[in-house]
Amino acid sequence: MPTLCRFRLAPLALSLALLVPGAAWSADAPAQPDAQVAAETAAPPAAVGVSALSNIPAPTLAAKAWLTLDATSGQIIAAQNPTMAVEPASLTKIMSAYVIFQALESGRLKLDQKIHVSEKAWKTEGSRMFIDPKSEVTVDELLQGMLVQSGNDATVALAEAVAGSESAFAALMNQQAKALGMNGTHFVNSTGLPDPDHTTTVEDLAVLSRALVQAFPQYRHYDSQKEFTYNKIKQSNRNRLLWADETVDGLKTGHTQSAGYCLVATALRDGRRVVSVIVGAGSDAVRTESSLKLLNWSFKNFDTVKLLDQGTPAVAARVWEGEIDTADLGVEKTLWVTVPRGQADNIKTEARYTQPLMAPLTEGNKAGTLLASLDGKPLKDVPLLVMQSVPEAGFFGRLVDKVRLMFE
């Protein structure tokens with residue numbers, strides 16, 4: 001497939017510019033890409049995210065809403081209707097899996113633990129794992145039933161095992177959604193069965209999917225498992241991309257009559273991961289073809305560029321009234337930026353921080369913001385952090401700097 005996009009290391013000749021003295025800048029939380037709002041009725045879709053900086057148009061897809069995200073940089077590449085309220089159907093189970101994986105990691109659940117299946121779980125409508133009522137099933141089997149077969153019965157059984165009831169589990173889901181910044185999402189149940197108050201956005205689904213992949217790599221095999229047999233019934237994973245493209249290793253399908261056909265897909269090619277979200281397609285074939293088209297377009301036309309390593313100073317800042325005259329400012333995590341292919345050398349960065357920068361400074365505290373831009377348009381901004389503490393100087397040292405500042 002014409003898909004191999006390699007990581008490129010941008011030259012670290014960062015054009016670091018300081019603000020004029022006296023201008024105060026506070027660091028923003030590292031977050032989502034700058035361009036995230038689209039005209040919700042545009043067809044073909046207006047450029048959103050990094051695609052706004054490219055002259056290669058985003059694909060036109062037959063779906064209510066869609067989005068493609070670079071999982072390494074966290075930036076939206078392109079989207080249509082990213083913040084429109086949509087019904088997630090069984091894409092809900094991505095959040096259910098997140099909460100269940102948290103329970104496994106904390107020791108509240110174990111994979112070989114046997115779970116009693118309640119009558120409520122057994123009677124849950126929709127897609128099923130076909131659990132025998134009042135039986136005991138291992139967590140591992142239930143996870144396969146939930147993520148491979150999309151079984152609602154398995155999902156409710158796991159929800160009850162984690163939180164005691166499905167409603168309590170939904171509260172945990174909403175709590176986690178808030179923690180991840182999924183501001184357009186509200187869950188009512190663990191399965192995705194229709195409810196007027198059970199809604200999300202494709203942007204939130206992309207944020208969740210990226211978080212799941214990064215936080216729980218040890219459970220990724222459930223997402224890519226092609227089939228599962230339980231109770232002598234073999235069912236195939238509904239994600240047809242697992243057969244069509246060997247680089248695809250997840251993530252989850254969804255379908256109800258009101259939601260249409262939905263798919264969150266993710267692929268890893270040459271160390272770079274992209275997440276695509278399709279909601280409201282007209283058929284299984286359309287969601288599959290649209291997802292593959294979106295993944296291929298994203299890998300082919302965009303690069304992910306490393307700008308700065310974790311622990312590497314972005315700038316040596318002048319410090320006043322401190323025991324030393326300069327302090328290194330850097331970033332919390334390695335800084336990656338997604339750009340149109342071939343544009344890596346044109347990235348500009350700017351360090352903005354309070355001037356004058358006064359001691360004492362504490363390691364890890366925010367001192368400003370590092371901004372990356374392309375052709376004068378913002379790509380991403382992350383906090384600048386103090387890399388080593390700077391104690392306040394003694395009386396005479398402070399006095400000398402006060403005098404110097406008078407002539408700056």
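Points to keep in mind about this one:
- Each residue, Met406 and Lys377, gets one label point 7 Å from its Cα in the Cβ direction; the gap between the two is 5.0 nm.
- Other residues whose C-beta falls under 12 angstrom from the C-beta of Gly126 contribute a net charge of +1, scoring Lys and Arg +1 and Asp and Glu -1.
- In this simple spin-label approximation, Ser258 and Phe396 carry label points 7 Å from Cα along the Cα→Cβ vector, and these lie 7.7 nm apart.
- Carbon and sulfur %, accessible surface of the chain computed with the full protein complex present, 1.4 Å: 52 percent
- Prolate/oblate/rounded label for region 283-408 (Cα gyration tensor, a/c 1.5): prolate
- Charge tally in the Cβ shell below 13 Å around Val162, where Lys, Arg are +1 and Asp, Glu are -1, Val162 excluded: -1
- Solvent exposure of Trp336, expressed as accessible area, is near 50 Å², computed with a probe of 1.4 Å over the protein chains only.
- Heavy atoms of the protein chains alone define the surface here; on that basis the chain has 43 Å² accessible area per residue at 1.4 Å probe size.
- Neighbourhood charge, 15 Å Cβ-Cβ cut-off, centred on Asp245 and excluding it, Lys, Arg +1 and Asp, Glu -1: +3
- One decimal place: the segment Gln388-Lys134 gains 85.5 nm when fully extended, by the rule 0.36 nm per residue minus the C-alpha distance.
- Each label point was placed 7 Å from the Cα along the Cα-to-Cβ direction; for Asn365 and Gln218 their separation is 3.7 nm.
- Residue-averaged 222 nm ellipticity for the chain, from DSSP H runs of 4+ at -39500 (n - 2.57), nearest 500: -8000 deg cm²/dmol
- Between the Cα long axis of helix 395-406 and the first principal axis of the chain there is an angle of about 90°, rounded to the nearest 10.
- Crossing angle, helix 92-106 versus the chain [Cα axis fit, 0-90 degrees, rounded to tens]: 70 degrees
- Top of Val390, Val248, Val331 by mean-square fluctuation, Gaussian network on the chain, Cα under 10 Å: Val390
- Helix 152-163 axis, angle to the chain major axis (alpha carbon atoms, nearest 10°): 50 degrees
- Projecting the Cα atoms of Gly394, Ala314, Leu53 onto the charge dipole of the chain, computed from C-beta unit charges around the Cα centre, puts Leu53 farthest toward the positive end.
- Per residue, the convex hull around the alpha carbon atoms of the chain comes to 149 Å³.
- Among the GluC sites (Glu not before Pro) found in region 63-169, those both in a DSSP coil and sparsely packed, with 10 or fewer other Cβ atoms within 10 Å of their Cβ, are Glu125.
- Long pairs among Lys252/Lys377; Lys110/Lys234; Lys306/Lys402; Lys300/Lys377; Lys110/Lys293, criterion Cα-Cα beyond 30 Å: Lys252/Lys377; Lys306/Lys402; Lys110/Lys293
The values are calculated or read from the model by the stated rules, or taken from the named source; none is laboratory data. Only a predicted model underlies this, so the values are computations on that prediction, with no experimental measurement involved. Note: ideal-geometry Cβ built from the backbone for every residue, glycine included; neighbour counts use all protein chains shown. The protein model used for the area step is the full one, side chains on, heavy atoms only, and it has no ligands, DNA or RNA in it. Shrake-Rupley method; radii C 1.70, N 1.55, O 1.52, S 1.80 Å.
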